[in-house]
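Reviewing the structure listed below.
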Amino acid sequence: MTAPALTRGTHLGYAAGSIGTAAFGTVPGLLLLFYLTDVLGVGAGLAGLVVFAPKAWDVLLNPWIGARSDATTSRWGPRRPWMLAGGLTLPLLFVLVFAGPGAPPALAAGWVAVTFLLAATAYGCFQVPYVAQPAEITTDPGERATLMSWRVAALALGILLAGAGAPAVVELAGGGRAGHLAMAAFVALLLAGGMLGAVVGTRRAPTLTRTSSEGRLLATLRVAVRVRPFRLLLVGFVVQALGIGVMLAGVPYYARQVLGDPAAGTLLFVALVGPAILVMPLWLRVSRRVGKRTGLLASSTVFAIAAAALALGGPGRTGLVLALVVVVGIGYAGMQMFPLAMLPDVVAADEASSGERRAGVFTGVWTAAETLGLAVGPGLLGVLLGLAGYRSSVGDAVVAQTAAADTTVLLSFSLLPALLVLASLPFIARYRLEPTP
């Protein structure tokens, strides 16, 4: 039986959600560590922990949300009530992260930790069911591919809007705490528009298949890790997310410490994510010609080689660095697109072999691991900066850094992300899965 085609409105509505996921997935990793160390004066080691701990909570939370949304029954379908809850609460919570006390540093860090934990919880309520939707609103692999292409395009747009717009708003609003609060309000609008847009836009999407859930957290995790293609894809993706997380968190430090130009941070980010919109059709063509796995291996290699070359950066070399970051961005686009397109294939193949549809199980574990990888990146950078003797500051104060701190910033934006992405390649190379017809 042929599945009914999804409407263009459903395509666009579903894609809108990725503007929200892009904003929350990008901005904390890009600015929160720097906000803690160089605006609130929190020590680098403690700041890294504050950024990491709330996201680590998602490792337990997201599989639970996946299992619960699998079992949800409502006239809105199993996913949209959860998505609505996240879309209504996350924008306000994100503003609160940057609306706390500025001193003393310990109190400021505690406020950020608690509000960021609540924000991560709200984000999980939206993200997990959102990622699960494509596997159950259509049974047609071609329709899923179309839906995913719209989503990836919106994801690239969201990353560009949030990643480039957030630092620009900080600067326009005068920097410091006031600038970051204005930025939070800007990002909250992106979050609300994207997430609530997805809730409204998918209201006419059918629920063609219902999922089953193992119910308990450990059982849910066991189901996911027993599926070898999922396990290999997940490990490779998480290691790559760790490298990307380190690089994103290093943008403002690299711009100031290595290039000697704090304003270059926005240019670096635009160069990183801007190519995604332009080269996505290229990677789609590569996917059709040689397959998604080979495309992911190729894009990852491009990223790693160009990222390693960023170790050549220094004062007066902004042009060279921007050119290299554009190449990094070309690889980054493929690294974002291919795993998102491969995950529904894994869900469909599991259904063919097990007879059960368990989208929430897989997406709960997937989103938890992705969030953890992106959170570990800034946390790792914070720890490395702390060990290198990085000197935190308050407000607009500029302090001289140690040579070890400068070297750590340089390597954390270049060789470290490159090595992490290279480390993911053996796992991706062992991934084997033919999409289920």
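Side notes on the structure shown:
- Some residue of segment 388-402 being part of a helix (DSSP H, G or I) and either under 26 Å from ALA255 (Cβ atoms) or modelled with pLDDT under 85 (or both): no
- Unmet requirement for THR89, which otherwise passes all of (1) closer than 19 Å to GLY201 by Cβ; (2) modelled with pLDDT of 85 or more; (3) of a type in the set (S, T, N, Q): (1)
- Only one of the listed residues (ALA185, ALA108, ALA178, ALA71) is surrounded by fewer than 18 Cβ atoms within 10 Å (Cβ to Cβ), at pLDDT 90 or above and over 29 Å from PRO275 (Cβ atoms). That residue is ALA178.
- Residues (in a helix (DSSP H, G or I) and farther than 15 Å from ALA120 by Cβ) located in segment 34-65: PHE34, TYR35, LEU36, THR37, ASP38, ALA44, GLY45, LEU46, ALA47, GLY48
- Enumeration of residues in segment 158-175 that are surrounded by fewer than 24 Cβ atoms within 10 Å (Cβ to Cβ) and at pLDDT below 85: LEU160, ALA164, GLY175
- Filter result for ARG8 (more than 25 Å from ALA368 (Cβ to Cβ) and of a type outside the set (A, V, I, L, M)): yes
- Top-ranked residue of segment 15-55 - restricted to ones that are polar (S, T, N, Q) and within 28 Å of LEU157 (Cα to Cα), ranked as modelled with the lowest pLDDT: THR26
- The lone criterion from (1) modelled with pLDDT under 90; (2) buried (at least 22 other Cβ atoms within 10 Å of the Cβ) left unmet by SER353 is number (2).
- Residue match in segment 119-136 (condition: in contact with a Leu (Cβ under 9 Å, 6 or more places away or on another chain), among the polar types (S, T, N, Q) and surrounded by fewer than 18 Cβ atoms within 10 Å (Cβ to Cβ)): no
- When VAL270, VAL246 are checked against the criterion of being under 18 Å from the mean Cα position of the chain (by Cα), more than 28 Å from ILE137 (Cβ to Cβ) and at pLDDT below 85, VAL270 stands alone in meeting it.
The values are calculated or read from the model by the stated rules, or taken from the named source; none is laboratory data. Computed from a prediction, not measured in an experiment: that's the story for all the values here. A quick note on method: Cβ atoms are made from the backbone with ideal geometry, for glycine too, and the neighbour counts reach across all protein chains shown.
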